[in-house]
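Just so you know, all these numbers are worked out from the coordinates, no wet-lab data involved. Worth saying up front: this structure is predicted, and the values here are computed from it rather than measured. Please note: Cβ atoms are built from the backbone with ideal geometry, for glycine as well, and neighbour counts cover all protein chains shown.
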Amino acid sequence: MELLIFYPIAGLCVALALGVIFNTSPVGSAMCLIGMMLGLAGIFVLLQAHFIAILQIIIYAGAIMVLFMFVIMLLNLKQTASADWVARDKNRFISILTGVLAVGILYKIIDITFLAELNSSAELPDTFGTVATVGEALFTDFVLPFEVASLLLLAAMIGAVVLAKPKLD
Amino acid sequence: MWVDLAITLVKILFIIGVTVGFFAPILTWVERKQSAIMQDRIGANRADILGFTAIGLFHCIADALKMFTKEDFIPEGANKILHTLSPIIAVVPAILTFAVVPFGGQYTIFDNEVNLVISDLDVGLLFVFAIASLATYGYVIAGWSSNNNWSLLGSMRTASQMISYEVTMGLTIVGVLMVYGSMKLTTIGAIQEDFFKWGLFLQPLGFFMFLAASIAENKRIPFDNPEAESEIVAGYFTEYSGLKFGMFFMSEFIEMVTIGAIMTILFFGAWHIPFLTTTTLLGWFDFLGTTGSNILVMLIQVGVFFSKVVFFIWLQMTIRWTLPRFRYDQIMKLGWKILLPLSLVNILVTGIVILVLN
């Protein structure tokens, strides 16, 4: 039953991810990315992580992509013919490097998942993935990373204000 | 299992019937009639079937027929796929929000526990917020894909306005969450059985801020800059006609119902009558047997819930026909310089009060 839902969602995610890359219009790419993030939220729901799924929608699909969209429209980027695309030489090196690194990470992830034997069906507690459980973990075991992350976000916020301020005055 | 499935299906059909089938068409008429009364006019009264006008109610049917038969126009140079997709993206979130909104309590009918909510999510409150934020795309894409500068201006305004007011909305929700200690909308509703625990009394500031933010999210006057007729033709839906225009129209009305429902659940005692607990009500109708009294109480409480929703719809319409449109900079100032600090103060004060009381 779970696989019956998983494969269509996963397939859709992969298709939309390819759509992000192959789309020639920025808005089309952004729409595909939003769709893919919603699909990922669906996979989180399948993993009983409702809270993470909702956060995925609020933060990525809701907040970040709206800003992307806003910027794309502000610059009014139109569709460009793919013939105009020329890769610069130094970019070519970087793209090959990142490609190799990405494949390496993927290999590592697959390795870990095989080692973890995720197929063994362990019984989940009823409270798994609820807001209370996640919150408790966040504020007890992971309180230091949590605070560091919030500090980082605050720094980014102040940085944005400082950068924008001279232009406003 | 089959019984549960059937019950869920009935609930889904009920919600779709009430929102799309009843409220959306009726509200087009109510809006005209209320504005007419407020401006001392007669209002819609000409559509008739065999001479019967039914105080203009047939205008709903006439409107729907008109929408269906009008030409569906896609402007030259528009992105056909996105232009067609955006009304759907706009209308779906408005209906989808109802998936977690309880419209009644829990009842025992023929030995089945019936919980009057389609999906009782643990993260219900966040679900509402998440889905509401997705509606932005419908409006933004609509303006962009139309290949029209008025539309683009409209969608730029939509995006900036919705982003600004989502912040306030999210922070007000935090206040509600702190008071009730749960994100489950059914739990929040159940706690409000006690009249003095209504969100209105526990979060008075939150109530007004949530109302303002949600009207701004729905882009109705006084926050209707994205579609300001006197400035940018019709904003993001300038290039829409026929049923697609109708869908934007419909999404606005359904969102009014959604706002009313969420306000009722969070701040206005959900499905409860003040000072009357469900147990008292069940006691009154005890002579009907368990199933009979449960069904009767269910009908009463669903009725109470929707009366409150209707009250909030009336409130939104009255605001819409009373206030003039804000200027763009005023909207931004209200959102960022007044509502955002206020909502932060609200969280702080709520936290202190909870700390002191415990």
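Principal axis extents of the C-alpha atoms in chain B (largest first, rounded to whole Å): 64, 58, 47. For region B:38-109, chymotrypsin sites (Phe, Trp or Tyr not before Pro) meeting the loop criterion (DSSP other than H, G, I, E, B) and having at most 16 other Cβ atoms within 10 Å: B:F73. A Gaussian network model of chain A, with springs between Cα atoms under 10 Å, assigns the largest mean-square fluctuation among A:D126, A:D141, A:D89 to A:D89. Loop sites here are GluC sites (Glu not before Pro) outside DSSP states H, G, I, E and B with no more than 10 other Cβ atoms within 10 Å. The longest part of chain B free of them is B:77-358. Can you work out the FRET efficiency for the pair A:I43 and B:L344, with r the C-beta to C-beta distance and R0 = 41 Å, to the nearest 0.05? That pair, A:I43 with B:L344, gives E of 0.75. Per residue of B:166-178, other chain Cβ atoms within 10 Å of the residue Cβ number 1 on average.
Applying the Karplus relation 6.51 cos²θ - 1.76 cosθ + 1.60 with θ = phi - 60° to region B:265-280 yields 3J(HN,Hα) values of 5, 7, 10, 10, x, 6, 9, 9, 8, x, 6, 10, 7, 4, 4, 4 Hz, where x marks Gly and Pro. 3J(HN,Hα) along region B:282-299, derived from phi through the Karplus expression 6.51 cos²θ - 1.76 cosθ + 1.60 where θ = phi - 60°, amounts to 4, x, 4, 9, 4, 5, 8, x, 4, 5, x, 5, 4, 5, 4, 5, 4, 4 Hz, with x in place of Gly and Pro.
Mind sorting B:L153, B:L50 by how few other Cβ atoms lie within 10 Å of their own Cβ, fewest first? Mind showing how you got there, number by number?
Values: B:L153 20, B:L50 4.
In order of increasing Cβ crowding within 10 Å: B:L50, B:L153.
Based on the Cβ-Cβ distance from A:F128 to B:V353, what FRET efficiency comes out when R0 is 30 Å, to the nearest 0.05? Efficiency, rounded to the nearest 0.05: 0.40.
Within chain A, the longest segment free of exposed loop sites, counting GluC sites (Glu not before Pro) that fall outside DSSP classes H, G, I, E and B and have at most 12 other Cβ atoms within 10 Å, spans A:1-116.
Might you report the magnitude of the Cβ-based charge dipole of region B:73-357 about its Cα centre, with Lys and Arg at +1 and Asp and Glu at -1, to the nearest 20 debye?
On the way: 13 positive and 18 negative charges, 124 e Å.
Charge dipole of region B:73-357: 600 debye, to the nearest 20.
Under a model in which nothing but the beta-carbon of Lys, Arg (+1) and Asp, Glu (-1) is charged, the protein assembly as shown shows a dipole of about 1540 debye around its Cα centre. Look at the dipole of region B:73-357 built from charges on Cβ: of B:A228, B:V91, B:F305, the Cα furthest out on the positive end belongs to B:A228.
Please compare each pair in B:K197/B:K333; B:K11/B:K197; A:K165/B:K219; B:K197/B:K308; B:K11/B:K219 to a cut-off of 21 Å on the Cα-Cα distance and tell me which ones are over it.
On the way: B:K197/B:K333 32 Å; B:K11/B:K197 28 Å; A:K165/B:K219 29 Å; B:K197/B:K308 17 Å; B:K11/B:K219 29 Å.
Beyond 21 Å: B:K197/B:K333; B:K11/B:K197; A:K165/B:K219; B:K11/B:K219.
In this rough spin-label picture, where each label sits 7 Å from Cα along the Cβ direction, the B:F14-A:E136 distance is 3.4 nm. Gyration tensor analysis over the Cα atoms of the protein assembly as shown returns equivalent ellipsoid semi-axes of 38, 33, 25 Å (largest first, whole Å).
Quick one: Kirkwood hydrodynamic radius for chain A, alpha-carbon pairs, angstrom, one decimal? Mind showing how you got there, number by number?
Numbers: mean 1/r = 0.0504 Å⁻¹.
About 19.8 Å for chain A.
Here the simple spin-label model places points 7 Å from the Cα toward Cβ, and for A:S25 and B:A6 these points are separated by 4.8 nm.
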